[in-house]
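*Asks:* Attaching a single structure in structure tokens format; questions to follow.
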Amino acid sequence: MQGSTVTQSQAELNFSATHSHQIDHHSEHPDHRLFGFVLFLISESMLFVGLFVAYLTYRAVAPVWPPAGTPEVELLLPSINTVILLSSSFVIHQADGAIKKNDVKGMQLWFLATIAMGATFLAGQVYEYAHLEFGLAEGNLFGSTFYVLTGFHGLHVFVGLLLMSLVLWRSRRRGHYSDQKHFGVEATEIYWHFVDVIWIFLFSMLYLLH
Amino acid sequence: MTHAQPTAHTTHGAHAQETGNNWRKYFSFSTDHKVIGIQYLVTSFVFYLIGGALAELVRTELATPQSDFVSREIYNQLFTMHATVMIFLWIIPSLTGGFGNYLVPLMIGAKDMAFPRLNAIAFWLIPPTGILLLLSFFVGTANSGWTSYPPLSLVSNQAGEAIWILGVILLGTSSIMAALNFMTTILKMRIPSMPFQKMPLFCWAMIATSALQLIATPVLTGAMILLGFDLLVGTAFFNPTGGGDPVVYQHMFWFYSHPAVYIMILPAFGMISEILPTHARKPIFGYLTIAYSSLAISFLGLVVWAHHMFTSGTPDWLRMFFMIATMAIAVPTGIKVFGWLATIWGGKLRLCSAMLFAMGFISMFVIGGLSGVMVAAVPFDIHVHDTYFIVAHLHYVLFGGSVFGIYASLYHWFPKMTGRMLNEFWGKVHFVLTFVGMNMTFLPMHVLGLQGMNRRIAEYDPQFATINLICTIGSYILAVSTIPFLINAIWSWVKGPQAGANPWQSLTLEWMTSSPPPVENFDLDPVLVSGPYDYGHVNAQTYNTSFVIEPASAQTAEAEEAATASS
């Protein structure tokens with residue numbers, strides 16, 4: 001709407017309303033999707049804030065943390081995983097640079113690389129789950145929060161992989177993404193950074209400071 | 001300069017066409033915000049009647065001290081579902097989804113919401129979830145109250161509780177989707193001639209409401225997820241026997257559910273701020289203070305949640321903080337109330353049904369607000385916690401406030417939505433019955449609470465019998481009060497007198513198009529020629545010619561001229 005409506009000629013305004021919706025949906029209607037998507041991520045971050053605060057409260061209230069008898073958490077694998085996930089943020093940013101130069105091939109390659117890194121992270125997490133000495137519901141509060149928090153983050157990583165695959169699938173069509181039109185690429189990148197930032201908090205809380 | 005005047009003839013023609021062919025659109029996945037708004041309103045009203053029926057069962061049980069009408073277990077299920085339905089399926093969807101959808105794009109001159117398909121998805125999550133929640137009666141529905149505190153909620157009906165958790169997550173998701181849509185629409189899609197300080201107050205209220213929904217709802221989802229794990233997987237986040245902490249649940253729950261109170265009242269505040277100036281024929285008193293007080297309530301609303309937990313072992317210093325923060329909310333709320341009173345003071349009041357409900361709203365809400373300040377005080381709250389005093393307080397806010405606000409708005413905007421006028425006589429009968437019934441039901445509960453009658457218990461001491469009987473009779477009057485409204489609404493929708501574009505001679509943009517508005521709202525793009533509440537500052541012609549099409553430069557000049565004239 002911004003600015004465009006005032007300058008329209010009367011002939012355009014008398015244009016049949018039902019048809020104009022279909023025809024100039026993209027040309028006339030400014031794109032608010034990125035704004036809406038960022039609002040969604042702010043909202044989504046509050047889900048993690050809620051879970052983090054719950055964890056920190058348990059930790060603050062408990063006399064010993066982690067509760068007595070909690071096995072040590074292995075650090076090496078998660079640290080490698082962290083490096084992979086954090087570097088993937090730089091990799092996906094290259095995809096954004098590529099599409100802004102109208103280089104669809106380059107964007108696809110960088111997305112594929114990010115998918116590979118994200119999948120490695122998830123595989124590492126599954127391996128870690130399989131080898132941990134505590135389970136989800138064994139009466140250990142640290143164990144339960146550990147699985148729910150990392151599990152929720154893992155779910156978000158998985159959704160990120162789906163989003164990237166969707167962008168790749170859509171980019172088969174020539175001209176679907178261009179230097180002018182690449183909301184899908186941009187939103188996926190922002191989402192991936194979001195997932196990374198969440199992981200930084202998670203990794204610090206559950207592995208480094210536990 | 002071209003004036004565009006929708007004549008009576010074209011209005012009728014458009015209306016006949018709409019009702020003639022298109023009633024099916026209300027049952028379709030329509031992306032028109034007006035259709036979605038009406039879908040929300042009608043659906044949530046059906047849930048209101050169901051929630052009301054549950055309330056009547058509760059009151060019937062409480063008519064006598066013994067638990068003789070239903071069993072104690074069923075009684076617990078009834079009051080749990082009553083609150084769940086009324087909060088999540090009636091007040092929140094009708095205020096934000098219903099009126100928000102219908103009014104926001106019209107008021108800011110937009111063609112639709114920012115994300116029409118997301119809008120439709122948000123609505124279509126509601127009916128199946130509502131039906132799912134109601135069907136859970138067949139497996140024994142949740143029976144630990146709408147707060148669903150663990151460990152009680154972990155040891156009662158497991159299937160019903162699981163369905164309840166799922167339902168709350170789905171309805172919360174719908175609410176988040178709607179909120180981000182409203183936020184984007186209001187911030188990004190106003191017509192160029194509408195700066196923030198010329199935006200209708202309802203839009204300010206919707207910004208404040210949407211912010212709360214976006215920030216607070218996900219925390220409730222988090223609480224539900226953890227509760228679900230406790231219930232179904234056997235973790236012990238909230239279960240003290242496994243080392244968990246039930247108070248953490250209470251914090252997470254109230255971090256959403258206290259702001260939810262403002263989600264349920266801020267849009268009503270906004271609509272009352274539209275209705276009062278229109279029917280008092282005066283500018284709103286203190287436009288900016290009313291606008292900013294919505295934002296202040298929204299912010300303060302996020303930092304008062306633990307006042308629901310004064311008896312949950314909350315430490316003294318924390319109680320002190322939450323007591324003061326809670327009482328501080330009375331300031332922006334009081335600003336609004338005094339602004340409204342000053343608006344109608346000396347006005348040429350048009351005492352139509354909408355105005356009666358709006359004034360009923362102020363008086364009833366003030367009672368609820370004052371008892372709110374009382375229960376914010378820790379020493380007082382410790383005595384009345386979980387008594388009928390709380391039940392009285394919350395119903396004055398949610399029934400006397402939210403529901404009166406919804407009724408006032410239904411009477412005010414029904415002509416716009418349907419193109420037909422409601423019958424004023426039956427509207428007034430409806431108002432009198434609702435007003436009397438509401439006070440008869442809830443006013444005596446203050447006394448019950450102070451005498452020590454506990455809430456959520458099917459049996460009570462015989463000394464409370466008389467007052468309880470009065471409450472029950474009052475609740476039957478409330479049930480009867482919906483009948484004239486329903487008949488009036490249905491009859492008027494079909495056969496009521498034609499409304500015309502602007503029956504109330506109002507100045508906001510939604511009245512500057514035909515009733516009901518065409519698809520994409522405005523045949524000609526609207527331009528502001530006056531502020532939303534410039535009653536008495538504009539000449540009579542403005543009410544019919546407020547949208548003007550002309551070259552850009554002349555338009556801006558006229559908008560500025562109108563702005564200087566009004567200020």
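*Asks:* Of all residues in the stretch A:159-193, which are within 25 Å of residue A:44 (Cα to Cα), touching a residue at least 60 places away in the same chain (Cβ under 8 Å) and of a type in the set (Ser, Thr, Tyr)?
*Replies:* Scanning the stretch A:159-193 gives A:188, A:191.
*Asks:* Which condition from (1) closer than 24 Å to residue B:265 by Cα; (2) more than 14 Å from chain A (Cβ to nearest Cβ); (3) surrounded by 21 or more Cβ atoms within 10 Å (Cβ to Cβ) is the one that residue B:113 breaks?
*Replies:* (2)
*Asks:* May I pose another question? Suppose we filter the stretch B:447-462 for residues that are touching a Pro at 6+ places or on another chain (Cβ under 9 Å) and open to solvent by 70 Å² or more (accessible area, probe 1.4 Å); how many remain? Write out each step before concluding.
*Replies:* Filtering the stretch B:447-462 down to residues touching a Pro at 6+ places or on another chain (Cβ under 9 Å) leaves B:459-462.
From what's left, open to solvent by 70 Å² or more (accessible area, probe 1.4 Å): B:459, B:461-462.
The qualifying residues number 3.
*Asks:* So in the stretch B:142-171, with the set limited to residues that are open to solvent by 10 Å² or more (accessible area, probe 1.4 Å) and within 14 Å of chain A (Cβ to nearest Cβ), which one is farthest from residue B:97 (Cα to Cα)?
*Replies:* B:154
*Asks:* What number goes with the only condition from (1) β-branched (Val, Ile, Thr); (2) under 30 Å from residue B:538 (Cβ atoms); (3) in contact (Cβ under 8 Å) with a residue 60 or more places away in the chain that residue B:289 does not pass?
*Replies:* Failing condition for residue B:289: (3).
*Asks:* Now for a different question. Pairs needed: first member in the stretch A:121-136, open to solvent by 20 Å² or more (accessible area, probe 1.4 Å); second member anywhere, polar (S, T, N, Q) and in a helix (DSSP H, G or I); C-beta distance under 7 Å; at least 6 residues apart or different chains.
*Replies:* From the stretch A:121-136, the pairs are A:136/A:144.
*Asks:* Here's a follow-up. Which residue, of B:475, B:481, B:492, is touching a strand residue (DSSP E or B) at 6+ places or on another chain (Cβ under 7 Å) and modelled with pLDDT of 95 or more? Walk me through how you get there before you give the answer.
*Replies:* Working: B:475 fails: touching a strand residue (DSSP E or B) at 6+ places or on another chain (Cβ under 7 Å); B:481 fails: touching a strand residue (DSSP E or B) at 6+ places or on another chain (Cβ under 7 Å).
Matching residue, one of B:475, B:481, B:492: B:492.
*Asks:* Do we find that residue B:88 is under 30 Å from residue B:417 (Cα atoms), away from chain A (no Cβ under 14 Å), out of contact with any strand residue (DSSP E or B) (no Cβ under 9 Å at 6 or more places or on another chain) and not β-branched (Val, Ile, Thr) in this structure? If you could, list the steps in order and put the result at the bottom.
*Replies:* Numbers: under 30 Å from residue B:417 (Cα atoms): yes; away from chain A (no Cβ under 14 Å): yes; out of contact with any strand residue (DSSP E or B) (no Cβ under 9 Å at 6 or more places or on another chain): yes; not β-branched (Val, Ile, Thr): yes.
Here the answer is yes, as residue B:88 does meet what is asked.
*Asks:* Might you let me know whether the stretch B:378-391 holds any residue that is touching a residue at least 40 places away in the same chain (Cβ under 8 Å), farther than 30 Å from residue B:499 by Cβ and polar (S, T, N, Q)?
*Replies:* Yes; the residues of the stretch B:378-391 include at least one that is touching a residue at least 40 places away in the same chain (Cβ under 8 Å), farther than 30 Å from residue B:499 by Cβ and polar (S, T, N, Q).
*Asks:* Give, as residue ranges, the helices (runs of 4 or more DSSP H) completely inside the stretch B:127-239 that count at least 2 residues that are modelled with pLDDT of 95 or more and within 30 Å of residue A:31 (Cβ to Cβ).
*Replies:* It comes to B:158-188, B:201-232.
*Asks:* How about the stretch B:176-191: which of its residues are within 18 Å of the chain's Cα centre (by Cα) and open to solvent by less than 10 Å² (accessible area, probe 1.4 Å)? First the steps, then the outcome.
*Replies:* Taking the stretch B:176-191 as the starting set, the residues that turn out to be within 18 Å of the chain's Cα centre (by Cα) are B:176-183.
Selection gives B:178, B:179, B:181, B:182.
*Asks:* Hey, could you check the stretch B:116-141 for residues that are surrounded by fewer than 21 Cβ atoms within 10 Å (Cβ to Cβ) and within 14 Å of chain A (Cβ to nearest Cβ) and say which is nearest to residue B:48 (Cα to Cα)?
*Replies:* The qualifying residue nearest to residue B:48 (Cα to Cα) is B:121.
*Asks:* Out of all the residues in the stretch B:456-470, which are among the aromatic types (Phe, Trp, Tyr) and either farther than 24 Å from residue B:80 by Cβ or in a helix (DSSP H, G or I) (or both)?
*Replies:* Listed by number, the list holds a single entry, B:464.
The values are calculated or read from the model by the stated rules, or taken from the named source; none is laboratory data. Note that the structure is predicted; figures quoted are calculated from it, not measured. No Cβ is skipped: glycine too gets one built from the backbone with ideal geometry, and neighbour counts run over all protein chains shown. What goes into the accessible areas is simple: the full protein's heavy atoms, side chains included, and nothing from ligands, DNA or RNA. Shrake-Rupley method; radii C 1.70, N 1.55, O 1.52, S 1.80 Å.
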